[in-house]
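The values are calculated or read from the model by the stated rules, or taken from the named source; none is laboratory data. Predicted model only: the values in this text are computed from it and were never measured. Cβ placement follows ideal geometry from the backbone for every residue including glycine, while neighbour counts extend to all protein chains displayed.
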Amino acid sequence: MILGGDIGGTKTNLAAFEREGRKLRKLHERKFPSREVESFEKMLRAFVAELGSGAKCEAACFGVAGPVIGSRVQPTNLSWLVDAAVAGAVLGTGRVRLMNDMEATFAGIDALEPEEVVVLQSGRPAPQATQALVAAGTGLGESFRVWDGKGYRVVPTEGGHSDFAPRTGEEIELLRFLKKEQTWVDVESIVSGRGFHKIHRFLGPGVDHPDFHGEHEDPAVEITRRALDGACAICVAAVDLWVRLYGAEAGNMAFKTLARGGVFVAGGIAPKILPKITGGAFVEAFLQKAELVDLLAAMPIMVALNGETPLLGAAAGAAALLESR
């Protein structure tokens with residue numbers, strides 16, 4: 001048995017898998033609300049208890065939303081630490097690996113079935129060329145991978161924390177609006193789940209909905225729902241602007257990495273608002289650059305629909321630990 005984990009700011013998915021040849025079969029899965037968990041160790045022990053006393057873990061891998069420093073990760077949007085040594089002690093194995101969540105996502109993308117991917121732009125992919133990844137969810141993950149002669153090597157980044165770069169008069173006013181509330185405006189503070197409410201307040205001051213309030217309410221859920229069914233004009237405008245900003249940032253990432261092998265869009269948000277993502281605004285903003293538009297037009301853009309892509313990638317990482325022994 002091997003264990004894979006996808007640790008994010010909103011939720012953590014843990015799953016036990018059994019290897020069947022080159023395939024992995026899921027045995028047990030549990031989703032934890034990350035911010036309600038006291039520590040990584042307690043969460044892991046609770047999961048192990050569910051597996052039963054006869055379960056033996058041979059290897060484990062965790063994709064974590066944060067920079068991996070040595071054998072530890074301080075998740076970007078959580079107060080507790082993820083430590084490989086702690087995981088090894090709980091699981092009773094010395095084969096534990098931590099990887100950035102974007103590295104896990106890349107690995108998971110390779111395991112997706114064709115029907116789990118939507119093509120936004122076919123392009124003309126160059127073989128063995130650099131590929132980029134953007135993933136908006138609780139935060140904004142960005143990464144890329146390069147061909148090293150034998151296979152792809154992932155380069156994690158913290159590019160989501162780069163400065164927000166407005167392109168239009170409206171976006172400049174959005175930046176001014178946000179600067180009144182926060183000293184630092186990075187792209188993640190807008191192109192993420194929490195960005196929907198900020199954009200909504202900017203476009204519709206005083207426009208409110210009951211589900212915006214309450215300890216466990218998430219305005220993003222209500223805004224995107226009302227945008228998709230057309231129930232609120234401000235919600236429609238907020239989601240449309242959010243999609244354009246996402247497409248523009250994906251284009252920035254494609255330029256910075258020269259992603260002639262393609263750009264992948266992952267994370268939990270895109271599949272939930274897929275009609276907006278596929279509606280044309282994302283690709284239009286992706287291409288809306290002053291120079292080298294033909295270069296961007298040749299880059300394939302693909303959306304990963306499987307919400308467990310990082311979990312699948314982490315499980316693949318655990319399986320690789322056994323293959324390398």
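Figures for the structure shown
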item: In the range 232-273, the residues that are within 15 Å of the chain's Cα centre (by Cα), over 28 Å from A129 (Cβ atoms) and in a loop (DSSP other than H, G, I, E, B); result: I273
item: Pairs with Cβ under 6 Å, 6+ apart, first in the range 259-285 and touching a residue at least 60 places away in the same chain (Cβ under 8 Å), second among the polar types (S, T, N, Q) and not in a loop (DSSP other than H, G, I, E, B); result: A259/Q131; G261/Q131; G262/Q131; A266/T105; A266/T309; V283/Q121
item: Criterion violated by L98 - all others in (1) touching a residue at least 24 places away in the same chain (Cβ under 8 Å); (2) surrounded by fewer than 19 Cβ atoms within 10 Å (Cβ to Cβ); (3) not in a loop (DSSP other than H, G, I, E, B) satisfied; result: (2)
item: Number of the condition not met by A297 [criteria: (1) in contact with a strand residue (DSSP E or B) (Cβ under 8 Å, 6 or more places away or on another chain); (2) crowded, with 20+ Cβ neighbours inside 10 Å; (3) over 21 Å from D101 (Cβ atoms)]; result: (2)
item: Hits in the range 1-50 (condition: β-branched (V, I, T) and either without any contact (Cβ under 8 Å) to a residue 24 or more places away in the chain or surrounded by fewer than 20 Cβ atoms within 10 Å (Cβ to Cβ) (or both)); result: T10, V37, V48
item: Residues located in the range 278-325, provided they are among the hydrophobic types (A, V, I, L, M, F, W, C), over 24 Å from R19 (Cα atoms) and part of a loop (DSSP other than H, G, I, E, B); result: A290, L292, A298, M299
item: Residue in the range 51-68 that is aliphatic (A, V, I, L, M), part of a loop (DSSP other than H, G, I, E, B), surrounded by 16 or more Cβ atoms within 10 Å (Cβ to Cβ) and under 21 Å from the mean Cα position of the chain (by Cα) present; result: yes
item: K276 vs. criteria crowded, with 19+ Cβ neighbours inside 10 Å and either among the acidic types (D, E) or within 21 Å of the chain's Cα centre (by Cα) (or both); result: yes
item: Long-range neighbours under 8 Å by Cβ, at least six apart or interchain, first residue assigned by TED's automatic domain parsing to the domain that holds A237 and of a type in the set (A, V, I, L, M, F, W, C) within the range 189-201, second surrounded by 24 or more Cβ atoms within 10 Å (Cβ to Cβ) and in a loop (DSSP other than H, G, I, E, B); result: I199/I190
item: The range 77-88, subset in a loop (DSSP other than H, G, I, E, B) and surrounded by fewer than 20 Cβ atoms within 10 Å (Cβ to Cβ), residue modelled with the lowest pLDDT; result: N77
